[in-house]
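Right, one structure below, let's go through it.
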Amino acid sequence: MAHINRRAFLKIAVLGAGAALFPAAIWERAAYPQAAVGSLDGLLEPIRAAHGMPALAGAFVRGRDLAALGAVGVRRAGTADRVEAHDRFHIGSCTKSMTATLVAMLVEQGKLSWQTTVAEIFPDLLGRIHSAYHRVTVTQLLSHRSGLPDDRAPDPAIWPLVRGLGGPTQEQRRALAEIVLSRAPAAPPGSQFLYSNLGYAIAGAFAEKVTGQSWEDLMRQMLFGPLGMPAAGFGAPGGAAPWGHAPPGCSPVAPGPDADNPSVIGPAGTVNCSMSDWARYAALHLRGAQGAPGLLVGPESFRRLHRDEFRQGYALGWVVVERDWAGGTALMHTGTNTLWYAVIWLAPARDAGFLAATNCGPESGFRACDAAVGAMIRRYLL
């Protein structure tokens, strides 16, 4: 399932890595000059080999710029098909902050508010969903305080129903909302943190209801396009791209239905992208956290996206932690669908961002990505 692996979440949130817009027209014209981007290949290769990963990729962002980039290893274990710097990696639950960013854009457009409720979005479903969810807000869905159960391990009573949904994804997400919200909450809404992928899928359905467009189309039009992320997509990367690999032993899994979670839970974790494209997204939030003007959303929206309002170590799609190497507050997230692993760290006070991804997961992938980020921190900050 597209989620933060619980063990990895606890390790990286407690220990930390290694011890971790500009106006649309600018981004559309911008191309990272190859000569200006340092290579991380020499740093990444020993880490990849030590952890037995088929491939390992990383990026270092300084301010708005991609400062260093690397990708080493092979696209598929047992072959000589080498990865390239432009290859796409599945980033799993690192998608969540992208969904939250999309919601912030819709709030600024007046199509949603942070307090928009389930009852307002799905008035025709109120007789079929549990009354406790009627007043659940989009903020609660995005901060994992909706009362929905923790689903880092899929619920056997719900997951087969979700996987069995068919038809257009917008219809699937509406059906998912009805299925999930018909059951009694695991806790009173608003009372505690319960990590819910399905809650993010429902937040995506909110965006679909108020725009009439699919979450995927909204992401392409409102986020990927303006940021200049042409390689970004959804699901297991196809074509000449790395394959995901299953533990134990990192066995390759061909792109297809078994290579990712169903598209209905896309807002929780199905984005794939190249490291350079992901770096553009990292730069957006790094600059946003610093209060820079002229970005896709305003400073107040970034403050809301990054603020740990409930003092739970989690904001809206971001884990919020304190790190000495970051000079204070760091924003991070991990992602895995069990065949890939990815991590993003932002240190606004140090004007630095770090990305790492591998095509094997989750435990071995976590260790490799954590080591890669730690090595980049030591090289560039310490």
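The values are calculated or read from the model by the stated rules, or taken from the named source; none is laboratory data. Since the model is a prediction, treat every value here as computed from it, not as a measurement. Quick reminder, even Gly has a Cβ in these numbers, built from the backbone with ideal geometry, and neighbours come from all protein chains shown. Accessible surface is based on the protein model in full, side chains and every heavy atom, while ligands, DNA and RNA are left aside. Shrake-Rupley method; radii C 1.70, N 1.55, O 1.52, S 1.80 Å.
Would you work out what percent of the accessible area of the stretch 130-190, with all protein chains in place, is carbon or sulfur (probe 1.4 Å)?
Taking all protein chains in place, the stretch 130-190 shows 55 percent carbon and sulfur surface.
Could you do me a favour and compute the accessible area per residue for the chain, 1.4 Å probe, result in Å²?
35
I'm a student and want to see the number: the projected area of the Cα convex hull of the stretch 316-382, averaged over all directions, in nm².
4.3
When the accessible area of the stretch 194-238 is split by element with a 1.4 Å probe, what percent falls to carbon and sulfur?
54
What are the extents of the Cα atoms of the stretch 127-189 along their three principal axes, listed from largest to smallest and rounded to whole Å?
31, 25, 21
Note down the nm distance, to one decimal, between modelled labels 7 Å out along Cα→Cβ at LEU161 and at ASP65.
Taking the two extended label points, one gets 5.3 nm.
Return a whole-number percent for the relative contact order of the stretch 243-353, with Cα pairs under 8 Å and 6 or more residues apart as the contact set.
22
Of the labelled options (1) -0.56; (2) -0.46; (3) -0.69, which one gives log10 I(q)/I(0) by the Debye sum over Cα atoms at q = 0.09 Å⁻¹ as computed for this structure?
(2)
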